[in-house]
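Notes follow once the structure below has been shown.
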Amino acid sequence: MTEIRESTAIEGVYIAGLQSHGDQRGRFTEIYRKEWFPQRSWDALQWSRSESQKGTLRGLHYHHHQVDYWHCGMGMMRVGLLDLRQGSLTRGQGQVIELNQEVLAGVFIPVGVAHGFFAVTDLMLFYVVDRYYDNTDELGVAWDDPDGGLDWGVE
């Protein structure tokens, strides 16, 4: 059974501990179910795949309207999260979560939480969003902003 737990650092961020079923032929993993996140009404409209080479840092960006759900399908990554929401109890709090292909997990990222990642290895990221791409809803924050307090494990 998939275990869903709320982040202890950022309110509204959820981590899904995914279950894998396998045998000598391979394995099967459910990556996402809408029912896992009943506290947020949203519709998955677009699935995307992003590939990055080892050492790539894709800096922090956030949305005023879009929700994201991320899953690392191959490799290892450090996901950096920073709560920028006005009125949030965890505003200004940051968190780094490691995702990889062995310890299967998904991360639900709400509106107003900046997110980015560092590729520890070559990786493949799968993500689902509830809005189609809109460049006016792609806002950025410096990945190394000292106020963010994110330890990416890079210099």
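The values are calculated or read from the model by the stated rules, or taken from the named source; none is laboratory data. The structure displayed is predicted, hence computed values, not measured ones. So basically every Cβ, Gly included, is an ideal-geometry build from the backbone, and we count neighbours across all protein chains shown.
Structural remarks
- Criterion: more than 10 Å from the chain's Cα centre (by Cα), of a type in the set (A, V, I, L, M) and within 23 Å of residue 155 (Cα to Cα) - qualifying residue of 111, 120: 120
- Of all the listed residues (75, 55, 87), the sole one being of a type outside the set (Asp, Glu), without any contact (Cβ under 8 Å) to a residue 40 or more places away in the chain and on the phi > 0 side of the Ramachandran plot is 87.
- Check on residue 111, closer than 22 Å to residue 12 by Cα, of a type in the set (A, V, I, L, M) and assigned to a strand (DSSP E or B): no
- The condition of being more than 18 Å from residue 5 (Cβ to Cβ) and at pLDDT 95 or above holds for only one of 149, 112, that being 112.
- Verdict on residue 45 being touching a residue at least 24 places away in the same chain (Cβ under 8 Å) and closer than 17 Å to residue 81 by Cβ: no
- Only residues that are of a type outside the set (Gly, Ala, Ser), part of a loop (DSSP other than H, G, I, E, B) and either touching a residue at least 12 places away in the same chain (Cβ under 8 Å) or crowded, with 20+ Cβ neighbours inside 10 Å (or both) were counted across region 114-144, and they come to 10.
- Failed item, numbered, when residue 16 is tested on (1) under 20 Å from residue 84 (Cβ atoms); (2) touching a Ser or Thr at 6+ places or on another chain (Cβ under 8 Å): (1)
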